[in-house]
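A.B. asks: Once you've had a glance at the structure underneath, I'll fire off some questions.
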Ligand code: KIV
Ligand code: ZN
């Protein structure tokens, strides 16, 4: 039988460290629920000592998830471990994850600690965490740039102290596959008690090698991979779950391992994470990008029609991409909508369904056919998005070749309706000016992009914005058949996220992490 590789998902923790990708607690719980259905073994839900928001998120995810482990991150200190445990203690399967840097450069310049001090702190931290739970992981931060013999020494000591997982991060994404694979093999050979723990790997994508490095580590005996959906994460991101899992599935002859992932849920969760974080998936992204299964060239199309395997190495259905998806139109009833939403993963309450149905009818009046992408946007943005401080109630825009673009905007701000008129260089500028006047916000717009959600000239426009206020960055997203309305939704979503981040700052002692 094939050995299992444990999939440790850190979308909600390292993934959230992508600039601007903040998620509120309700959003994290929604993603965690889907991660559990996807079959991940562990869900790292946050770093409780770093902020109130992370504490709350770990605590709420712990209440909802029962099959997957819920992981709570901590530095090697009593203070952090206490916060981590307080947040995760009520999970069905709690785990404390302790990290401490082991490379000379980090120990000297970041920690100002000697090897002996780092070793002692790591052991004490693991022992302390073990006083709460048997499930303790130790990560040697910047492991790939650490002295291999020191790594073996520290791994031996923390396993002896009770860690059941030891993790080797390529924190700065510097490793190359052969080197990283060799390091894994070296650790396995030279850490006497390594068989008492699972050897895990955690790769960053700064050189575009995160998935390749993770695979090299697995080939050399690592049995846990730390990954994120769509590969989001700090800087260039982390190993992408979908790339790793689909490589294992597609090339099973070369990789004698298996995972517990239900691959048919991959596409759906990729969309969910992209919609919630506002981080678009690049069209040419492996597995989940819009072009991943699209064959433009005539010669390819011909081959694919004759036999899909001529050019397709994976079946789109394997990741949950179906071509014969049901199309809904304005004559579709509430029952059909409920069933269809269930099929694409949304089990809504009666109240929620009523609201979706109303919005669906309005959309179907504007757009002949409503596709899955439209429904997802409608459910995620129109219904499941948590109650916000700012929301749009009315928008009227005048623009054209001979008029000064003007926008009249009505908004609910903390429950009170207010309106104003703004002008600008173009209609979107006018709308954004009116919104910032109403909300009295001073964010700058760092990036603005529009995409069509589906094909066709009546497609919904999907707008994403990146906003910055002082040092806080937030992404916003909105969809509507009218791109000016979609822009207003995206801008307001970004402002709500900025408010959330301002109200959930890092704890004083965690600043600069
Ligand atoms: O990249 C890293 O080193 C981390 C650790 C906290 C595991 O994210
Ligand atoms: Zn990381």
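The values are calculated or read from the model by the stated rules, or taken from the named source; none is laboratory data. Computed from a prediction, not measured in an experiment: that's the story for all the values here. Methodologically, a virtual Cβ is constructed for each residue, glycine included, from the backbone with ideal geometry; neighbour enumeration extends over all protein chains shown.
A.B. asks: With the requirement that a residue be part of a strand (DSSP E or B) and within 16 Å of ligand 2 (Cβ to nearest atom), what does the stretch 188-206 give you?
C.D. replies: Residues satisfying the conditions are 200, 201, 202, 203, 204.
A.B. asks: Is there a residue in the stretch 470-482 that is at pLDDT 95 or above and surrounded by 20 or more Cβ atoms within 10 Å (Cβ to Cβ)?
C.D. replies: Among the residues of the stretch 470-482, not one is at pLDDT 95 or above and surrounded by 20 or more Cβ atoms within 10 Å (Cβ to Cβ), which makes the answer no.
A.B. asks: Oh, and also: How about the stretch 42-68: which of its residues are out of contact with any helix residue (DSSP H, G or I) (no Cβ under 6 Å at 6 or more places or on another chain), more than 24 Å from residue 500 (Cβ to Cβ) and crowded, with 22+ Cβ neighbours inside 10 Å?
C.D. replies: 42 - this is the single residue of the stretch 42-68 that is out of contact with any helix residue (DSSP H, G or I) (no Cβ under 6 Å at 6 or more places or on another chain), more than 24 Å from residue 500 (Cβ to Cβ) and crowded, with 22+ Cβ neighbours inside 10 Å.
A.B. asks: Shifting gears a bit: Conditions first: (1) within 16 Å of ligand 2 (Cβ to nearest atom); (2) under 24 Å from residue 246 (Cα atoms); (3) outside any strand (DSSP E or B). Residue 21 passes all but one, so which condition is the exception?
C.D. replies: (2)
A.B. asks: Working only within the stretch 143-172, note down all residues that are within 16 Å of ligand 2 (Cβ to nearest atom) and assigned to a helix (DSSP H, G or I).
C.D. replies: Looking only at the stretch 143-172, we keep the residues that are within 16 Å of ligand 2 (Cβ to nearest atom), and these are 143-146, 165-172.
Across the stretch 143-172, the qualifying residues are 143, 144, 145.
A.B. asks: Okay, next question. Kindly evaluate residue 92 against the criterion of being in the same structural domain as residue 198 (by TED's automatic domain parsing), away from ligand 2 (no atom under 16 Å from the Cβ), in a loop (DSSP other than H, G, I, E, B) and crowded, with 21+ Cβ neighbours inside 10 Å.
C.D. replies: Here the answer is no, as residue 92 does not meet what is asked.
A.B. asks: From the list 140, 175, 129, 185, exactly one residue is surrounded by 18 or more Cβ atoms within 10 Å (Cβ to Cβ) and either outside the structural domain of residue 217 (by TED's automatic domain parsing) or part of a helix (DSSP H, G or I) (or both). Which is it?
C.D. replies: After ruling out the rest, the residue left standing is 129.
Per-residue answers, yes or no, for (1) over 20 Å from residue 213 (Cα atoms); (2) outside the structural domain of residue 474 (by TED's automatic domain parsing); (3) touching a helix residue (DSSP H, G or I) at 6+ places or on another chain (Cβ under 8 Å):
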| site | (1), (2), (3) |
| --- | --- |
| 230 | no, yes, yes |
| 235 | no, yes, no |
| 239 | no, yes, yes |
| 243 | no, yes, yes |
| 250 | no, yes, no |
| 254 | no, yes, no |
| 267 | yes, yes, yes |
| 287 | no, yes, yes |
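A.B. asks: Here is a follow-up. When you scan the stretch 239-337 for helices (runs of 4 or more DSSP H) that lie fully inside it, which ones turn up with 1 or more residues that are surrounded by 15 or more Cβ atoms within 10 Å (Cβ to Cβ) and modelled with pLDDT of 90 or more? Break it down stepwise before answering.
C.D. replies: Values: elements: 241-250, 266-277, 298-306.
Hits in the stretch 239-337: 241-250, 266-277.
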